[in-house]
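Quick notes on the structure that follows.
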Amino acid sequence: MDKATEKTKKNKKKKPLRRAKHWGTQVLPMAGRLAVLLIAIVVLGLMFSALQGVGSAWLRVALSVLIVSGLLLLCLNEGMTHGAQDALASRNYVSLEAKGIALEDKDDAACYQPLKAVCAALAAFGVPLVLSVIVALSARDYTYALQDLPAWLTDSYGSRGDVLAPLGAYTAGQGLTALDWMRLLVRLPEMIYINFFGDPQRMSAMIDRLSPLFIASYPLAYAAGYLLGPKVNRKQEKQNRRAKKAAVRKAQKSNLVEELTGAQGQVHYGHQKEEHKKKELV
């Protein structure tokens, strides 16, 4: 019978978590934490940009994989932590509501809701993601531009305007365009991914086309972690129940030992009273 009941319990479907209905107030705090995470990603990307100087391509790629994996795990862990907290809030909300306790809107807002994670991720990573799409759509292959005229030309024909005037376009400086500024802003959060490319300048078009994928990897990892939050919360509850059972068993064992041992710490197993009775009869 015990095995049958266990099978029926396993076959029962798990009740879905209660989802928040008024969750708008939770988006900004979540987005703020993600903004701090984005700043950390930019700082780490700038720090590890020195990997471009590593001569071995395999070593550079291996180190870059480790760093990128660490950053994605950081985003995943952030999402799992918040998802587990919201799942716990949903279960507490249901239990308190069943007891007839009046709950407020803030209690509802703290409940589990995947849309919260999506909106917070878009609020934090939306701007660089949109800019990366624009940069990807306007990507062009790299072309070399002559920066300085050779010295033999300027020394020999420096006084001849008919020669240097047409070549003035090569020495004329060109300011940054709006697209260049967008590319600069996009490069900051994806700096760590650039280490995968041996020559980022010549491969700039490929980097531009892959920029949306690079930028989207962070919010996707956070959203995936949030979706895993309820599973993490269930695992934590199981561990807490096991720890409580273990503590109860330990306390019961200690009480049993105290009962079996007398005041002087000697084990009597119930025979101590009989010895006292024999002495009294004598």
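State whether one or more residues within region 50-70 are open to solvent by less than 80 Å² (accessible area, probe 1.4 Å), over 15 Å from the mean Cα position of the chain (by Cα), among the aromatic types (F, W, Y) and closer than 30 Å to I194 by Cβ. No: zero hits.
Among the residues that make up region 220-231, is at least one of them more than 29 Å from V61 (Cα to Cα), open to solvent by 80 Å² or more (accessible area, probe 1.4 Å) and either at pLDDT below 75 or of a type in the set (A, V, I, L, M, F, W, C) (or both)? Looking through region 220-231, at least one residue is more than 29 Å from V61 (Cα to Cα), open to solvent by 80 Å² or more (accessible area, probe 1.4 Å) and either at pLDDT below 75 or of a type in the set (A, V, I, L, M, F, W, C) (or both).
If you go through region 174-211 and pick out every residue that is in a helix (DSSP H, G or I), closer than 18 Å to S138 by Cβ and not hydroxyl-bearing (S, T, Y), you end up with 16.
Filter the helices (runs of 4 or more DSSP H) completely within region 30-146 down to those with at least 1 residues that are among the polar types (S, T, N, Q) and under 30 Å from L17 (Cα atoms).
57-98
Assigned to a helix (DSSP H, G or I) and modelled with pLDDT under 75, is that true of K250?
Yes; evaluated as a whole, the condition is true for this residue.
Summed over region 109-138, the residues that are more than 20 Å from the chain's Cα centre (by Cα) and open to solvent by 20 Å² or more (accessible area, probe 1.4 Å) give a count of 7.
The values are calculated or read from the model by the stated rules, or taken from the named source; none is laboratory data. This one's a predicted model, so the numbers in the text were calculated from it and none came from an experiment. Here Cβ is always computed from backbone atoms with ideal geometry, including for glycine, and neighbour counts include all displayed protein chains. Heavy atoms of the whole protein, side chains included, go into the accessibility calculation; ligands, DNA and RNA do not. Shrake-Rupley method; radii C 1.70, N 1.55, O 1.52, S 1.80 Å.
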